[in-house]
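Following: one structure in structure tokens, then a few remarks.
The values are calculated or read from the model by the stated rules, or taken from the named source; none is laboratory data. Note that this is a predicted model, so its numbers are computed, not measured. Because the Cβ atoms are built from the backbone with ideal geometry, glycine has one as well, and the counts that use them run over all protein chains shown.
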Amino acid sequence: MGELLGIDVSHYQGKIDWAKVARSGKAFAIMKCQYEAQSHRKDETFDYNYEEAGKNKIARGVYIFIASASMADPAADANALIKNLAGRQLEYGIWLDLEANVVRARGKAYIRGLVKVYADIFRKAGYYVGIYCNRDWYMNVIHDDLKNNFDFWIARYPKNDVGEYNPYSSLKPSYKMAVAWQYSSKGKVPGIGPVCDLDVDFDGIIRLTQPGRKTNEEIAKEVIAGQWGTRNSKPSRKELLTAAGYDYYSIQRIVNKLLK
């Protein structure tokens, strides 16, 4: 499908003109849905952003920031988000925002367990789950088990961040590392007054997250078990996965990680 450009937004961006955002070429938006754990109140702009982005055919996802209050009761935090989502479809799923120093201080094993709490609840509700972090976190904090079982959205900006996408930038994460890149925090997008974060989805995947749908990780394990043919079978593995609505390249990337 090719790369798709997108944004991530919250109440900080105010009232967004989503028709203008769509006309500017943005294909997806990752939105803040709720505040961190102590209040769990819904972001003031979420309902509007969700509805208007959908009307303008922009694929939607949400992120959940995990920090000190979240750590006190992660299950309650996750379930609060499920309640605030109220069964809404998310084409880009839920992203676990890992960047707080208080979380980092607890170490790799703790973070792996924390992620499992959130992921289990979100997946049971039928949502795709990915992890957002910067490159330093990915290289030095994230447990290998998480790298093998989750897609990553990596944040990394140039020193002279001017809100422009450079597909040849040396800062661009490798496909092996990430499925998406947050390449700027200073984007100027038509329809949005303040600056916002800018993103690119490398695979151009509109993620399907209907209840009951298997995750890419589950399908990858079935591939390894021989349930989806081979590259040379007729029909081929790629043809079988594509016909079932899965992205062959994302699943093959997970297969390669699991077989390392």
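Quick look at the values:
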| item | result |
| --- | --- |
| Tally, over region 1-45, of residues that are aliphatic (A, V, I, L, M) and in a strand (DSSP E or B) | 7 |
| Single residue of region 14-40 satisfying the filter (among the charged types (D, E, K, R) and modelled with pLDDT of 95 or more) that is surrounded by the most Cβ atoms within 10 Å (Cβ to Cβ) | LYS26 |
| Options ARG231, ARG207, ARG213; residue that is within 20 Å of GLU3 (Cα to Cα) and at pLDDT below 90 | ARG207 |
| Tabulated pairs, region 141-164, first under 16 Å from TYR175 (Cα atoms), second buried (at least 17 other Cβ atoms within 10 Å of the Cβ) and among the acidic types (Asp, Glu), C-beta under 6 angstrom, 6+ apart or interchain | ASN149/GLU217 |
| Complete set of residues in region 111-140 that are free of Cβ contacts under 8 Å to residues at least 12 places away in the same chain and over 17 Å from ASP77 (Cα atoms) | ASP136, MET139, ASN140 |
| Search result, residues across region 66-112 that are within 20 Å of the chain's Cα centre (by Cα) and small (Gly, Ala, Ser) | ALA67, SER70, ALA75, ALA78, ALA80, ALA86, GLY87, GLY93, ALA100 |
| Answer from ILE94, ILE121 - the residue that is touching a helix residue (DSSP H, G or I) at 6+ places or on another chain (Cβ under 7 Å) and buried (at least 21 other Cβ atoms within 10 Å of the Cβ) | ILE94 |
| Tally, over region 134-189, of residues that are among the charged types (D, E, K, R), assigned to a loop (DSSP other than H, G, I, E, B) and either buried (at least 21 other Cβ atoms within 10 Å of the Cβ) or touching a Ser or Thr at 6+ places or on another chain (Cβ under 8 Å) (or both) | 2 |
| Hits in region 224-237 (condition: of a type outside the set (Val, Ile, Thr) and either surrounded by fewer than 17 Cβ atoms within 10 Å (Cβ to Cβ) or in a loop (DSSP other than H, G, I, E, B) (or both)) | ALA225, GLY226, GLN227, TRP228, GLY229, ARG231, ASN232, SER233, LYS234, PRO235, SER236 |
| Candidate set from region 243-260 (those that are assigned to a helix (DSSP H, G or I) and among the charged types (D, E, K, R)); member that is surrounded by the most Cβ atoms within 10 Å (Cβ to Cβ) | ARG253 |
| Cβ pairs under 6 Å, 6+ apart, first in region 69-88 and in contact (Cβ under 8 Å) with a residue 24 or more places away in the chain and among the polar types (S, T, N, Q), second part of a helix (DSSP H, G or I) and buried (at least 17 other Cβ atoms within 10 Å of the Cβ) | SER70/ASP77 |
